[in-house]
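J.: Take a look at the following structure, please.
Bear in mind that the values in this text are calculations on the coordinates, not laboratory data. Note that the structure is a prediction, hence the values are computed from the model and not measured. Please note: Cβ atoms are built from the backbone with ideal geometry, for glycine as well, and neighbour counts cover all protein chains shown.
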Amino acid sequence: MNKSLDLAILKSQTHLLASQTPEGYWWAVLESNVTMTAEAILLYKIWGVDRPFDKMGAFIRQQQRENGSWELYYGDGGDLSTSIEAYTALRVLGLSAQDPMMVRARSFILSKGGVTKARIFTKFHLAMIGCFDWAGVPSIPPWIMLLPDGLSPVTIYEMSSWARGSTVPLLIVFDRKSVWKIVPGLNVNELYAEGVTNARKELPQKGDWSDGFLWLDRAFKLAEDLNLVPLRKEGLKEAERWVLERQEATGDWGGIIPAMLNSLLSLRSLGYHAEDPIVARGLAAVNRFGVETETTYWVQPCVSPVWDTALVMRSLVDSGLEPNHPALVEGAEWLIKMQILDYGDWFVKNKKGAPGAWAFEFDNRFYPDVDDTAVVVMALNATNIPNEGLKQRAIDRALQWIATMQCKPGGWAAFDIDNDQEWLNDIPYGDLRAMIDPNTADVTARVLEMLGRLDSDSNAINSQQVTAALDYLMQEQEPEGCWFGRWGVNYVYGTSGVMAAISALGIDRYPSQMTRAALWLQEVQNPDGGWGETCETYKNPALKGQGDSTASQTAWAVIGLLAGAELGIMVDGRAIDRGIQYLIDSQREDGTWDEDWFTGTGFPKHFYLKYHLYQQHFPLTALGRYRRHHAS
């Protein structure tokens, strides 16, 4: 296998080196479902700006499946809310409801219960254009902007960063309840399974304690009807100030399309004009998330240059590239320039921290994250650059910041500290169950792996913190021996991360836990030698580790098993060999791998991602570590 292994590594390295940008970073598109494009169509129409609508419509039509649906992720069989938004966008673009593809779509949508069974955000987008009654959208009183931090059990800072960045502008939109008739006479009455006149306007009941929130919603709506909402003007003014303050100079908000779209909608609700510099910058930022081809145009949910760059650099080093290779030096110097030295929203709950982290995107000062920061530290630590002092100072700042972000249970979350009020997921508005950002095994493992891979000892994160984090991880291990993956699909991702962390730390006091993890990975290996896991595991954990083999998930499993072998636990070397052979056999002549499946996670059960570089750099990391393991 040696010659074929060396050739596979060389071809992958050659491809990745050739794809580095002149500025020194790596970046590939980030794919989700069609709702980003569908919602962008509504936004552009509401603002009255021209975009390549024909290409946007062509993209949505291209993504329809044979059963008439549109999917959350490849192979899911169709999703109701995604299909409704795609259908509506095509109607806005002028496609007739009698078009054969629309007839197929309508049949699927009605079979799933129609509009009244859709998620809240789908109903909100329909309400904006007069296709749904605002009475069926939750009310969020603007005075929540005025609740004092530390004195109130609920403030906007108890929401996850992504929920916060999307919700604050919606306080304005939901208060104004604007209806923009972007297409005169447009309705989607044909999508109401019970008939539009029979459709219930009330929010759906769940039949549990959370139905108490429905009484609150009725009270909020009554106060709105009677114009008795306390501190309404003050709350709206504070929401407007907050939105304006958090716009980047480039026009971005929060680095994610939902926050950007909602912020622009809030400004539209307040009467801003398209020519206003704030709006113009915002629209330009949304445009930069677009991907245009000769025939299609679609919108990414986010962009990932920092994340992509750090992971590609790690794969190149792991596969044998010299730490002072010019490409690595350029990448490291670009990453150092991207370090965020401003205070962000994290400071509200973390008064001990000082800036020094990295975000996922090009521009996102307010929302750096622990996961990106830990990976960047590992990438920088593995390189040698002319100004080593500059590099070390950047690493030291990052370590100090991460140390202050540890949560009370012992782990680390993505963007905030102790952002864990679970009940927020049960409010009517939170039907995606993504209102909080608690600590997770995969982010915690990343921090511990970072500590284990640093060249020099650092007292930024002390031994008590490490012990607390390890205790947290062991408590989170599933009965089968695996770990849940919050930000990657799913248990293969989580398990690989924890095993890599324990190995990097060189800790040998968890032999039974690591053995169980290795046995689980071996048990779920596919007959073709690869590994795969479906996004459906978030809904049905009985499917843990099951799915068609992919290059990225196979790489994760191999990385985990290699880590287990380095810890000295009993690992079946044949399982690793077969995984490596799968990667070699599935590599294309140009050094790349391909996969259709989504292996990234935005919100479990509701939103998934396909990182187009995952299938390139993770296999290279696995191949490189395998070669190094057998050479030692």
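J.: Hey, could you get me the Stokes-Einstein D for segment 72-120, Kirkwood radius over alpha-carbon pairs, 37 °C and 0.692 mPa s, rounded to whole µm² s⁻¹? Display every interim value, and only then the final one.
T.: On the way: Rh = 11.1 Å.
The estimated diffusion coefficient comes to 295 µm²/s.
J.: Let me ask another. How far is helix 100-111 tilted, in degrees, relative to the longest principal axis of the Cα atoms in the chain, given as a value from 0 to 90 rounded to the nearest 10?
T.: 90
J.: Next question, about the same structure. Distance between Cα centroids, segment 90-154 to segment 474-493: provide it in whole Å.
T.: 33
J.: How big is the convex hull of the Cα atoms of the chain, per residue, in Å³?
T.: For the chain, the hull spanned by Cα atoms encloses 156 Å³ per residue.
J.: Still on this structure, please answer the following. For segment 7-64, I need the span (max minus min coordinate) of the C-alpha atoms along each principal axis, in Å, sorted largest to smallest.
T.: Projected onto the principal axes, the Cα atoms of segment 7-64 cover 51, 29, 16 Å.
J.: Now a separate question. Taking the mean number of other Cβ atoms within 10 Å as a proxy for protection, how do you rank 482-491, 409-418, 133-142 from highest to lowest? Kindly include the intermediate steps, with their values, before the conclusion.
T.: Numbers: 482-491: 25.7, 409-418: 23.5, 133-142: 20.3.
In decreasing order of mean packing, 482-491, 409-418, 133-142 become 482-491, 409-418, 133-142.
J.: Just to confirm the number: angle between the C-alpha axis of helix 388-404 and the first principal axis of the chain, 0 to 90 degrees, nearest 10?
T.: 60
J.: Using all Cα-Cα distances in segment 220-359, what percent lands in each 10 angstrom bin from 0 up to the longest?
T.: Histogramming segment 220-359 at 10 Å steps yields 9, 25, 29, 22, 9, 4, 1 percent.
J.: Averaged across orientations, what area in nm² does the convex hull of the alpha carbons in segment 459-508 project?
T.: Values: hull surface 16.0 nm².
Value for segment 459-508: 4.0 nm².
J.: A follow-up question, please. How do R446, R627, R218 rank when sorted from fewest to most other Cβ atoms within 10 Å of their own Cβ?
T.: Numbers: R446 25, R627 20, R218 13.
Fewest-to-most Cβ neighbours within 10 Å comes out as R218, R627, R446.
J.: For segment 487-554, what number results from the quotient of the Cα radius of gyration and 2.2 N^0.38 Å?
T.: Working: Rg = 12.4 Å, N = 68, 2.2 N^0.38 = 10.9 Å.
Normalised by 2.2 N^0.38 Å, the Cα Rg of segment 487-554 equals 1.13.
J.: Where the convex hull is taken over the Cα atoms of segment 33-299, what is its projected area averaged over directions, in nm²?
T.: Working: hull surface 60.7 nm².
Averaged projected area of segment 33-299's Cα convex hull equals 15.2 nm².
J.: For the chain, with only Lys/Arg (+1) and Asp/Glu (-1) charged at the beta-carbon, what is the dipole magnitude about the Cα centre, in debye rounded to 20?
T.: Rounded to the nearest 20 debye, it is 960 debye.
J.: Report, in degrees rounded to the nearest 10, the 0 to 90 angle that the Cα long axis of helix 53-62 makes with the longest principal axis of the chain.
T.: 60
J.: Return the long-range amide H neighbours of F607 (sequence gap of 5 or more, or a different chain), with a cut-off of under 5 Å between placed amide H atoms.
T.: For F607, whose amide H was placed from the backbone, the distant partners under 5 Å are G602.
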